[in-house]
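Novice: Pasting in a structure now, in structure tokens, and then I'll have a few things to ask.
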Amino acid sequence: HGQKARAKPKPNQDRALVAYPVPGPPGKQSALFMVCDGHGRRGDACSEFVARSIVAHLDEHLEDTPDDAVADVLGAAVREAHARIKAQRRFDSKRSGTTCCATLLVGRELHCANVGDSRAVVARRRAPAGGVPTFEAIALSRDHKPEDPAEAARVTAANGFCGRPAGGLICRVYLDPDLTYPGLAMTRSIGDTEMDEFGVTATPEMSSHTLSDEDAFFAVASDGLWEFMDSQQVVDLIAHWL
């Protein structure tokens, strides 16, 4: 008696996924490494849905795909995930969504499809300094934030607003000039469907990287890591334990 009810635990909204093997071009091993960082009231459902959708699309379309079309299939899988999340009726995605950083390794080709502010980096060995191996962080993706001029220009051209309200710590995307709603921290998202007409897009930014003998590893993570460590710091930390 007299005790306060315990708050309901908040569900984990992040999804990290490794799929191996993934059907791919004949004679080449393929694997998918992906992070989805959900946000909003149903962010957990969004990230789970998107992860499953992308794997299903690759299982259906990637087998026997020519090498020069693999990146196209990966990009299509991400775009389809947004169309599917918009069409489903199991949960509301108008005000919830997820980032997605999907890296598909086919042989020595590493393809990246990125939506939002999760990130992927490759660690490349450099000449040892004083006999100690060093590694350089090579970006596979860039963060889609309202501070980015090109990203902000797309939002404002579609009558959205990017800014910091009084007392706000970070720049966000809003639907009103008073910067009151909804305050999305990224300019690309899968889900957040009410913002489709205001410049927030699920179109992934694509990149490809041919792994060399000097490439030691790569890392894919959500902004829960990148907010506190930059890419080089993460590479240095991982390299310390090699």
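Novice: Yes or no: Glu227 over 23 Å from Asp92 (Cβ atoms) and buried (at least 16 other Cβ atoms within 10 Å of the Cβ)?
Specialist: For Glu227, the condition - over 23 Å from Asp92 (Cβ atoms) and buried (at least 16 other Cβ atoms within 10 Å of the Cβ) - is not met.
Novice: Run Leu32 past the list (1) in a loop (DSSP other than H, G, I, E, B); (2) under 21 Å from Arg119 (Cα atoms) and report the number of the one that doesn't hold.
Specialist: Going through (1) in a loop (DSSP other than H, G, I, E, B); (2) under 21 Å from Arg119 (Cα atoms) one by one, Leu32 breaks only (1).
Novice: Would you confirm whether or not the range 73-84 contains a residue that is of a type in the set (D, E, K, R), surrounded by fewer than 22 Cβ atoms within 10 Å (Cβ to Cβ) and part of a loop (DSSP other than H, G, I, E, B)?
Specialist: No.
Novice: Next question, about the same structure. Read through the list (1) open to solvent by less than 10 Å² (accessible area, probe 1.4 Å); (2) at pLDDT below 95, then give the number of the only condition that Gly24 fails.
Specialist: If we test Gly24 against (1) open to solvent by less than 10 Å² (accessible area, probe 1.4 Å); (2) at pLDDT below 95, just (1) comes out false.
Novice: So which residues in the range 185-207 are surrounded by fewer than 22 Cβ atoms within 10 Å (Cβ to Cβ), farther than 18 Å from Ser141 by Cα and hydrophobic (A, V, I, L, M, F, W, C), if there are any at all?
Specialist: Matches in the range 185-207: Phe198 only.
Novice: Taking the range 151-169 only, how many residues are over 25 Å from Asn114 (Cα atoms) and of a type in the set (D, E, K, R)?
Specialist: Of the residues in that region, 0 qualify.
Conditions tested, residue by residue: (1) of a type outside the set (Gly, Ala, Ser); (2) part of a loop (DSSP other than H, G, I, E, B); (3) open to solvent by less than 40 Å² (accessible area, probe 1.4 Å); (4) free of Cβ contacts under 8 Å to residues at least 60 places away in the same chain.
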{"residue": "Ala150", "(1), (2), (3), (4)": "no, no, no, yes"}
{"residue": "Asn159", "(1), (2), (3), (4)": "yes, yes, no, yes"}
{"residue": "Leu169", "(1), (2), (3), (4)": "yes, yes, no, yes"}
{"residue": "Pro177", "(1), (2), (3), (4)": "yes, yes, no, yes"}
{"residue": "Gly183", "(1), (2), (3), (4)": "no, no, yes, yes"}
{"residue": "His209", "(1), (2), (3), (4)": "yes, no, yes, no"}
{"residue": "Ser212", "(1), (2), (3), (4)": "no, yes, yes, no"}
{"residue": "Ala219", "(1), (2), (3), (4)": "no, no, yes, no"}
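The values are calculated or read from the model by the stated rules, or taken from the named source; none is laboratory data. This structure is a prediction, so every number in the text was calculated from the model and none was measured. Every residue, glycine as well, gets a Cβ built from its backbone with ideal geometry; the counts of neighbours run over all protein chains shown. Heavy atoms of the whole protein, side chains included, go into the accessibility calculation; ligands, DNA and RNA do not. Shrake-Rupley method; radii C 1.70, N 1.55, O 1.52, S 1.80 Å.
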